[in-house]
Amino acid sequence: MDRQQEFVLRTIEERDVRFVRLWFTDVVGSLKSVALAPAEVEGAFEEGLGFDGSSIEGLARVFESDMLAQPDPATFQILPWRGETEATSRMFCDILTPDGEPSAADPRNVLKRTLAKAADMGFTCYTHPEIEFYLLKSQEPGPDGSPIPVDEGGYFDHVPGGVAQDFRRTAVTMLESVGISVEFSHHEAGPGQNEIDLRYADALQTADNIMTFRTVIKEVALQQGTYATFMPKPFTAHPGSGMHTHFSLFEGDTNAFYEAGAEFQLSKTARQFIAGILKHAPEFTAVTNQFVNSYKRLWGGGEAPSYLSWGHNNRSALVRVPLYKPGKGQSARIEYRGIDSAANPYLAYAVLLGAGLKGIEEGYQLPAAAEDDIWSLSSAERRAMGHDPLPASLHDAIRTMEDSELMPQILGEQVYEHFLRNKRAEWQDYRLQVTPYELQRNLGIL
């Protein structure tokens, strides 16, 4: 037994932890949880916990349903919202096959495989997400069918006595108590919309943190009599919720994206990484923007990037290179602005990193940076500059992903097939719906 496992067992005993929740996700990123009695944890470390994988979306087919959940002791945390009496803790799990091999269908393993490939190329990947969400008065819509936000605040607004202010303070305190470092938090542009930015961590830890973050935000909202949603675009007239993520690659202690004296201080490695993301973005958009509603955000304005472009400090670009600060070469990074808050973070970071690594491997050439506001250009101007559009709907994104050679390589055939099957079913369900828009528009005149 290693030291981390011993630490977990000792903490369970010293803190009188009564329940140990084992967490993992299905293929679309829904959190799954099973509670263990403390006495069973040592056995779970040694042998894993058996469960029926065929009942979890994308994990196993019926004829190979037996799976094992292997807790990762490095992710052990007490859950503060469960209270001090009868303390509850959690650990993330890796999913194994009955013979102890990592499951090809486990989203966490997909990201671990991609990070292992980066390590083979000499890189460590760090990420820093800016997570947006809406805080609503309840899950129930108002009389007009729209959600009701908790306030009418705007970007960076300080709302005296505001619900969101108290909410953010409680949420940040709770996140810090489970080991998730928060950089800053503020009111976003939409009414009831908030943003909380997590501090840099390696990509696997960030993905784990995002899953915990969503749970904490939901729990705090429930405690305060409100409702939090990560739906990409809950309001027609207000901005969607993105999860802009900053990426940097390190070679040992050196930032591989930084080169003094180069244009924007960007190294050749950084330029090839950006080129890889731009080339393959249409193929992975179904993963980073996985719901029908995601495309209402991408194409609904409100600073959402809809075209393949990159720029230095250009917030209309899909990939933004933040302003360089003198003496801060170690913080050189790129920001991908397409991803939304409802993505499965393990798969989304795997495809983004995998596409960037492909650019480095193949030596992709980066096109010229976009200096204009891309939204203000005409279609002809965008075409002439090579700013092709991202997929316009989930259907388009599925078709583009189906034609990709790189996505099955990154995700593995099993996750690739299960993911596409799930998304095709969603599109089919949506396509059959008669919406309020159609009834309002057509019923009285046709």
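Just to check your reading of the model, which residue among His186, His246 is in contact with a Phe, Trp or Tyr (Cβ under 9 Å, 6 or more places away or on another chain), modelled with pLDDT under 90 and either hydrophobic (A, V, I, L, M, F, W, C) or not in a loop (DSSP other than H, G, I, E, B) (or both)?
The match here is His186.
Among the numbered conditions (1) of a type in the set (A, V, I, L, M, F, W, C); (2) in contact (Cβ under 8 Å) with a residue 40 or more places away in the chain; (3) crowded, with 17+ Cβ neighbours inside 10 Å, tell me where Ala392 comes up short.
(3)
Could you list, in sequence order, the residues of the stretch 397-414 that are free of Cβ contacts under 8 Å to residues at least 12 places away in the same chain and either closer than 12 Å to Gln290 by Cα or of a type in the set (Asp, Glu) (or both)?
Of everything in the stretch 397-414, just one residue is free of Cβ contacts under 8 Å to residues at least 12 places away in the same chain and either closer than 12 Å to Gln290 by Cα or of a type in the set (Asp, Glu) (or both), namely Glu405.
Filter the stretch 182-208 for residues that are touching a residue at least 60 places away in the same chain (Cβ under 8 Å) and within 16 Å of Arg108 (Cβ to Cβ) and give the result.
Answer for the stretch 182-208, where residues must be touching a residue at least 60 places away in the same chain (Cβ under 8 Å) and within 16 Å of Arg108 (Cβ to Cβ): Ala201, Asp202, Ala203, Leu204, Thr206, Ala207, Asp208.
Pull up the stretch 201-221, narrow it to residues that are in contact with a helix residue (DSSP H, G or I) (Cβ under 7 Å, 6 or more places away or on another chain) and charged (D, E, K, R), then point me to the one that is nearest to Val172 (Cα to Cα).
Glu219
Scan Glu426, Glu405 and give me the residue that is in the same structural domain as Lys279 (by TED's automatic domain parsing) and exposed (fewer than 10 other Cβ atoms within 10 Å of the Cβ).
Glu405
Inspect all residues belonging to the stretch 72-85 and state whether any of them is assigned to a strand (DSSP E or B), surrounded by fewer than 19 Cβ atoms within 10 Å (Cβ to Cβ) and at pLDDT 90 or above.
Checked against the condition, which is being assigned to a strand (DSSP E or B), surrounded by fewer than 19 Cβ atoms within 10 Å (Cβ to Cβ) and at pLDDT 90 or above, the stretch 72-85 yields at least one hit.
Does the stretch 408-419 include one or more residues that are at pLDDT 95 or above, surrounded by fewer than 18 Cβ atoms within 10 Å (Cβ to Cβ) and assigned by TED's automatic domain parsing to the domain that holds Asn313?
yes
List pairs: first residue in the stretch 415-444 and touching a residue at least 60 places away in the same chain (Cβ under 8 Å), second residue loosely packed, with under 10 Cβ neighbours inside 10 Å and outside any helix (DSSP H, G or I) anywhere in the structure, Cβ distance under 7 angstrom, at least six positions apart or on different chains.
Within 7 Å, the pairs are Pro436/Gly145.
With the checklist (1) under 24 Å from Gly29 (Cβ atoms); (2) surrounded by 23 or more Cβ atoms within 10 Å (Cβ to Cβ); (3) of a type in the set (Phe, Trp, Tyr) in hand, flag the one item Phe257 doesn't pass.
For Phe257, the exception is condition (1).
Which condition breaks for Tyr200 when tested against (1) within 16 Å of the chain's Cα centre (by Cα); (2) modelled with pLDDT of 95 or more?
Of the numbered conditions (1) within 16 Å of the chain's Cα centre (by Cα); (2) modelled with pLDDT of 95 or more, the odd one out for Tyr200 is (2).
Taking the conditions exactly as written (of a type outside the set (A, V, I, L, M, F, W, C), out of contact with any strand residue (DSSP E or B) (no Cβ under 6 Å at 6 or more places or on another chain) and crowded, with 20+ Cβ neighbours inside 10 Å), does Gly354 satisfy them or not?
yes
Could you count how many residues in the stretch 95-113 are touching a Gly at 6+ places or on another chain (Cβ under 6 Å) and either polar (S, T, N, Q) or not in a loop (DSSP other than H, G, I, E, B) (or both)?
Final tally of qualifying residues: 1.
Residues checked against (1) farther than 30 Å from Ser89 by Cβ; (2) among the polar types (S, T, N, Q); (3) in a loop (DSSP other than H, G, I, E, B):
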| site | (1), (2), (3) |
| --- | --- |
| Glu152 | yes, no, yes |
| Phe167 | no, no, no |
| Leu175 | no, no, no |
| Glu195 | no, no, no |
| Lys233 | yes, no, yes |
| Thr236 | yes, yes, yes |
| Pro239 | yes, no, yes |
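Out of all the residues in the stretch 275-294, is one or more in contact with a strand residue (DSSP E or B) (Cβ under 9 Å, 6 or more places away or on another chain), under 23 Å from Ala116 (Cβ atoms) and surrounded by fewer than 20 Cβ atoms within 10 Å (Cβ to Cβ)?
Looking for residues that are in contact with a strand residue (DSSP E or B) (Cβ under 9 Å, 6 or more places away or on another chain), under 23 Å from Ala116 (Cβ atoms) and surrounded by fewer than 20 Cβ atoms within 10 Å (Cβ to Cβ), one finds none in the stretch 275-294, hence no.
Against the conditions (1) within 30 Å of Arg108 (Cβ to Cβ); (2) buried (at least 21 other Cβ atoms within 10 Å of the Cβ), where does Ser309 fall short? Just the number, please.
(1)
Just for helices (runs of 4 or more DSSP H) wholly inside the stretch 310-418: which have at least 3 residues that are basic (Lys, Arg) and on the phi > 0 side of the Ramachandran plot?
none
Would you say Glu152 is within 18 Å of the chain's Cα centre (by Cα), modelled with pLDDT under 95 and acidic (Asp, Glu)?
No; evaluated as a whole, the condition is false for this residue.
Hey, could you check the stretch 197-250 for residues that are of a type in the set (Phe, Trp, Tyr) and buried (at least 22 other Cβ atoms within 10 Å of the Cβ) and say which is nearest to His186 (Cα to Cα)?
Phe213
Please determine, by comparing only the residues of the stretch 297-306 that are in contact with a Pro (Cβ under 7 Å, 6 or more places away or on another chain) and either at pLDDT 95 or above or under 19 Å from His395 (Cβ atoms) (or both), which one is surrounded by the most Cβ atoms within 10 Å (Cβ to Cβ).
Selected residue: Arg297.
The values are calculated or read from the model by the stated rules, or taken from the named source; none is laboratory data. Keep in mind that what you see is a predicted model, and the values were worked out from it rather than measured. Because the Cβ atoms are built from the backbone with ideal geometry, glycine has one as well, and the counts that use them run over all protein chains shown.
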